[in-house]
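Notes follow the structure.
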Amino acid sequence: MVHLRIHTNEKQFAYEVCSTAFTQKNSLQNHLRTHTKEKPYACEICNKAFTQKNSLQNHLRTHTKEKPYACKICSKAYSQKRHLEKHLWNHMVENPYVIGKCNKFFSRRQQLKEHLRMHMEEKSNACEICDKDFSHRSALKMHLRIHTNEKPFACDVCNKPFSRKHYLQVHLRTHTNEKPFSCEVCKKSFSQKCNLNVHYRTHTNEKPYICDVCYKSFSRTSDLNRHYRTHTDEKPYSCDICSRTFSQKHHLNAHLRTHTREKPYSCDICSKCFSQTSSLKKHLQIHSNEKLYECDICSKAFNYRQGLKLHLRTHTKETPYVCESCNKAFSRQWRLKLHLCVHTKEKPFICNVCKKAFADKSTLKWHLRIHMKEKPFACNICNKAFCYEHDLKGHLRIHTKEKPFACDVCNKAFSQKQNLKEHLRTHTKEKPYACDICSKAFSYSVSLRKHLLTHTKEKPFTCDICRKAFSQQQHLKGHLRTHTNEKPYACDMCNKAFSQRCHLKQHLLIHTKEKPFECDVCNRAFSQKSNLKTHLRSHMNEKPYVCRICCQAFSYQSSYEAHLRTHTNEKPFTCDICNKAFSQQQHLKGHIRTHTKEKPFACDICNKAFSQAPHLENHLRTHTNEKPFACDICNKAFSQRQHLKEHLRTHTKEKPFACDICNKAFSQKQHLKGHLRSHTKEKPYTCDICNKTFSQRPHVDTHLRTHTKEKPFLCKLCNKAFADKSNLKTHLRTHTKEKLFECDICSRPFSQQQHLKRHLMTHTKQKPYACHICSKAFFEKSNLKAHIRIHTEEKPFNCTLCNKSFSQKSNLKTHLQTHTNKKSFACNFCSEKFSDSVFLNTHLLNHTTENKPFKRDV
């Protein structure tokens with residue numbers, strides 16, 4: 001039944017939407033998927049989906065490389081049956097369906113019928129919209145998509161739609177980078193066959209497309225079409241922004257980049273970007289030093305042909321560009337244009353940044369480099385860069401010591417012509433540049449510009465780092481060295497370097513001891529005029545700098561600026577080594593010496609050196625015993641102001657420094673820093689002898705005395721010495737019977753805080769120190785250590801008299817009493833004495849049945 005429909009052409013399965021009919025039901029089902037976009041058959045390897053199962057099977061062979069269809073004649077194999085059928089035509093001597101006119105052959109009758117329509121000009125398939133006829137129904141379907149803008153074939157990668165399946169297949173190669181068509185001559189590969197065919201012509205020099213006007217031939221039709229426009233002056237491509245027209249589309253694309261400022265072509269060597277590939281190619285010749293165009297007369301070479309043409313005019317003295325107003329002639333057109341502006345006074349090119357006007361666009365471009373900090377011309381010797389080429393040429397004479405411009409009066413030579421012109425004014429006393437405001441005259445234009453800024457208060461030169469503004473570029477250059485730490489000016493006597501020349505001049509006065517500026521009031525002399533001005537305020541009690549926040553006044557601007565930072569918490573001075581920030585530059589200088597270990601301030605009495613001058617001043621008071629800072633509450637005096645501030649907090653109970661982790665507060669910042677290390681477990685201080693580390697520096701100093709056996713802290717009552725000051729304070733309480741630490745639970749007092757901590761554990765029953773061998777717990781760490789020696793059988797305490805060893809120090813002390821016959825433990829009932837507390841406790845059982853605690857006589 002199904003087969004008979006082929007003969008009867010019966011198609012009973014039709015789709016109502018597109019009216020397409022099919023002989024079989026499964027064919028209709030397959031067709032429906034073209035409308036629903038359903039692709040139920042997916043590849044397990046690459047997840048590509050298909051509407052039909054046989055399409056999936058064909059696709060899988062691209063992964064397995066399986067080619068089951070082999071030619072019986074030449075054994076060539078194919079992955080799909082239709083490819084084999086096409087191949088077999090090459091072997092067929094007599095083709096079943098051959099056209100006499102064109103000798104083209106076909107394997108199927110239907111293909112032959114459709115082809116015959118081309119010869120008979122029969123076109124039965126007409127477009128209802130534009131009446132265009134087509135010989136094939138499939139061609140009409142594709143054509144209709146132009147009107148409907150239907151693009152049913154979409155890319156799975158980028159979702160770009162296409163009207164034809166072939167276009168989609170070609171597009172997919174841009175994602176897969178597949179280039180299946182390879183040139184047999186040079187092995188170059190292409191993604192499309194048409195591109196390969198065009199490429200072959202580069203080898204055969206075939207140019208089949210000839211211009212009817214000038215008979216010039218081309219290898220591509222697109223090249224011929226573009227060429228035709230040179231005859232017709234047709235410019236079909238118009239710019240939407242400025243309406244400028246172009247004959248070629250790529251010229252329009254390049255033009256649009258002048259509006260968008262897009263520069264997609266980048267130099268791989270210097271990263272400079274260009275809007276056109278031709279500009280990039282010309283630029284690359286600068287790096288390769290390739291100069292293809294050479295002058296036949298002087299052998300000078302040029303990168304560009306245009307440069308050679310212009311150069312030849314220097315030999316021929318040709319000046320084709322003549323001014324119509326004054327008949328002055330020029331060798332280059334741009335020089336004529338510049339000259340014409342002299343007559344018209346026209347300056348149409350204005351800088352968007354500073355509003356300065358220029359007669360020529362190229363001059364404006366050069367000027368813009370000042371704002372953009374662009375310096376394309378670099379010196380090959382010292383790598384210094386310049387905005388303009390003529391500046392580079394003048395700079396190179398510094399290295400070559402060439403001075404071609406000599407003064408006719410004094411024979412002094414100069415490397416630049418402008419310098420010679422300015423020098424001549426020293427002979428003629430000419431001052432052509434006058435100020436319009438105060439009529440002051442100057443020899444140089446730059447001097448006039450600098451002077452005008454004193455009237456306008458304008459500061460056009462801004463630092464890109466800290467935004468500080470300056471009236472002169474030279475001042476900005478000097479300021480930038482404070483950021484780069486560059487110091488090019490060195491003292492010949494002490495090799496100290498400075499960032500500015502004026503600072504070096506001031507420094508030299510230290511060596512010469514010259515102080516030319518003297519105070520009229522107290523006759524004090526100064527090496528700098530600015531220091532004298534500042535000093536005079538101390539006599540006049542002048543404080544011109546007033547803080548707007550707290551109204552505090554200052555005599556010096558530096559003091560005022562430093563004070564403002566106490567309000568803003570600004571710290572602009574950063575250490576390059578550890579990134580620590582400071583509010584004052586002086587503090588940064590002092591901090592840097594902690595890295596360099598430099599100590600320039602030495603004590604004249606004991607030669608002890610210090611990194612900062614205030615530290616030396618504080619130290620000198622240890623010799624003089626001067627204590628100028630006294631407490632108003634208890635009259636206690638201190639040698640340093642900081643110590644007084646810290647002392648006052650003992651009265652006010654102020655603890656301004658709080659820990660962010662546990663909220664514990666401290667009266668001194670140093671104590672907080674030390675405390676924070678208890679959280680971070682940081683121990684930056686190391687003992688040089690045993691490499692033991694500590695979290696605080698005072699702990700190191702105390703530890704070192706265990707090596708040196710030094711005990712500098714002496715008790716004035718019993719002459720007992722201690723290595724640590726805190727131990728001395730604790731010891732003094734044994735004389736005063738002072739007990740500052742009281743238990744909150746039972747109100748029992750203690751002389752030491754450590755004893756209180758131990759006592760509190762008796763209330764909490766807390767035993768934090770456990771033995772890792774038997775798990776027995778203890779109140780104190782020392783008890784745990786003594787207990788561990790029971791397991792290890794270690795006895796580190798030796799008797800010097802009989803060499804007997806003990807595991808605990810207390811046992812050794814008790815043992816020593818057997819040699820001295822000293823009995824420290826007395827019975828309260830019968831006054832009998834014992835050398836050990838154990839013996840006393842045993843004895844007490846004779847007096848009472850209760851095990852009473854013993855009392856030790858001290």
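Laid out as a table, the results:
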read-out	value
Filter on K37/K249; K356/K533; K216/K272; K711/K833; K291/K373; K249/K272 - keep pairs with C-alpha separation over 32 Å	K37/K249; K356/K533; K216/K272; K711/K833
Point-charge dipole on Cβ atoms (K/R +1, D/E -1) for the chain, about Cα centre, debye to 20	880
Heavy-atom accessible area order for E389, E85, largest first, 1.4 Å probe	E389, E85
Tally of Lys pairs whose C-alpha atoms are under 23 Å apart, taken over the range 383-444, 8 or more apart or cross-chain	25
Ellipsoid semi-axes in whole angstrom, largest first, where each is sqrt(5λ) of the Cα gyration tensor of the range 553-640	27, 22, 11
Mean projection area, nm², convex hull over Cα of the range 45-87	3.3
Shape of the range 306-461, Cα gyration tensor, a/c cut at 1.5	rounded
Nearest-ten-degree value, helix 753-764 long axis tilted from longest Cα axis of the chain	80
Per principal axis, descending, Cα span of the range 724-793 in whole Å	42, 30, 14
Mean separation of Cα contacts under 8 Å, 6 or more apart, over the residue count of the range 680-767: relative contact order %	13
Most to least accessible of M142, M540 (protein chains only, probe 1.4 Å)	M540, M142
Label-point separation, K281 to Y769 (7 Å along Cα→Cβ), nm	8.7
Cα-Cα P(r), the range 669-748, percent of pairs per 5 Å interval	3, 13, 17, 15, 15, 17, 14, 6, 1, 0
Heavy atoms of F666: accessible area, 1.4 Å probe, square angstrom to 10	30
Rounded accessible area of C774 (nearest 10 Å², 1.4 Å probe)	60
Helix 641-652 vs. the chain, principal-axis angle (Cα, 0 to 90°, nearest 10)	70
Over 13 Å [Cα-Cα, the range 219-265], rounded percent	59
Low-density loop cleavage sites - trypsin sites (Lys or Arg not before Pro) in the range 549-654, where at most 16 other Cβ are within 10 Å (DSSP)	K580, K597, K608, K636, K653
Measure of compaction for the range 765-833 (Cα Rg per 2.2 N^0.38 Å)	1.45
Degrees separating the helix 305-316 axis from the principal Cα axis of the chain, which is the longest one	90
Calculated from backbone phi, Karplus (6.51, -1.76, 1.60) coupling profile of the range 388-398 in Hz, x at Gly/Pro	10, 5, 5, 5, 5, 4, x, 5, 4, 5, 5
Intensity falloff of the range 625-676 expressed as log10 I(q)/I(0), Debye formula with alpha-carbon point scatterers, at q = 0.15, 0.19 Å⁻¹	-0.47, -0.66
At 1.567 mPa s and 4 °C, Stokes diffusion of the range 224-380 via Kirkwood alpha-carbon radius, µm² per second	67
Cα pair distances of the range 686-804 binned at 10 Å [whole percent]	11, 23, 35, 29, 3
Cβ-defined net charge surrounding Q640, 14 Å radius [Lys, Arg +1; Asp, Glu -1]	+2
Residues whose placed amide H lies under 5 Å from that of N125, excluding near-sequence neighbours	F134
Overall Cα dimensions of the range 136-245 - principal axes, largest extent first, Å	46, 44, 37
The range 237-303, dipole about Cα centre (Lys/Arg Cβ +1, Asp/Glu Cβ -1), debye to the nearest 20	200
Accessible area in the full protein assembly, largest first, 1.4 Å probe, for D701, D688	D688, D701
Positive-end residue of F750, H763, N811, charge dipole of the range 700-858 with Cβ unit charges	F750
Sparse-neighbourhood loop sites, trypsin sites (Lys or Arg not before Pro) in the range 724-804 - DSSP loop, at most 16 other Cβ within 10 angstrom	K737, K739, K765, K776, K804
Surface share of carbon and sulfur [accessible, 1.4 angstrom probe, percent] for the range 197-301	46
Heavy-atom accessible area per residue - the chain, 1.4 Å, Å²	74
Residue-by-residue Karplus 3J(HN,Hα) for the range 65-80, coefficients 6.51, -1.76, 1.60, Hz, glycine and proline x	6, 7, 10, x, 9, 10, 6, 6, 8, 10, 6, 6, 10, 9, 7, 10
Normalised alpha carbon radius of gyration of the range 493-594 [divisor 2.2 N^0.38 Å]	1.33
Kirkwood hydrodynamic radius (C-alpha pairs) into Stokes-Einstein, the chain, 20 °C and 1.002 mPa s, D in µm²/s	50
Debye, to nearest 20: dipole size of the range 737-858, +1 on Lys, Arg Cβ, -1 on Asp, Glu Cβ	200
Area of R697 that stays accessible when all protein chains are in place (1.4 Å probe, Å², to 10)	140
Unit Cα scatterers, Debye sum, the range 727-858: log10 I(q)/I(0) for q = 0.21, 0.22, 0.23 Å⁻¹	-1.22, -1.19, -1.17
Projected label distance in nm at H595 and Q753, using a 7 Å step from Cα toward the beta-carbon	3.6
Evaluated at q = 0.15, 0.16, 0.25 Å⁻¹: base-10 log I(q)/I(0), Debye formula over Cα of the range 185-283	-0.91, -0.98, -1.10
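The values are calculated or read from the model by the stated rules, or taken from the named source; none is laboratory data. It should be emphasised that the depicted structure is a prediction, and the values quoted were computed from it without experimental measurement. So basically every Cβ, Gly included, is an ideal-geometry build from the backbone, and we count neighbours across all protein chains shown. Calculation scope for accessible area: heavy atoms of the full protein, side chains included, ligands and nucleic acids excluded. Shrake-Rupley method; radii C 1.70, N 1.55, O 1.52, S 1.80 Å.
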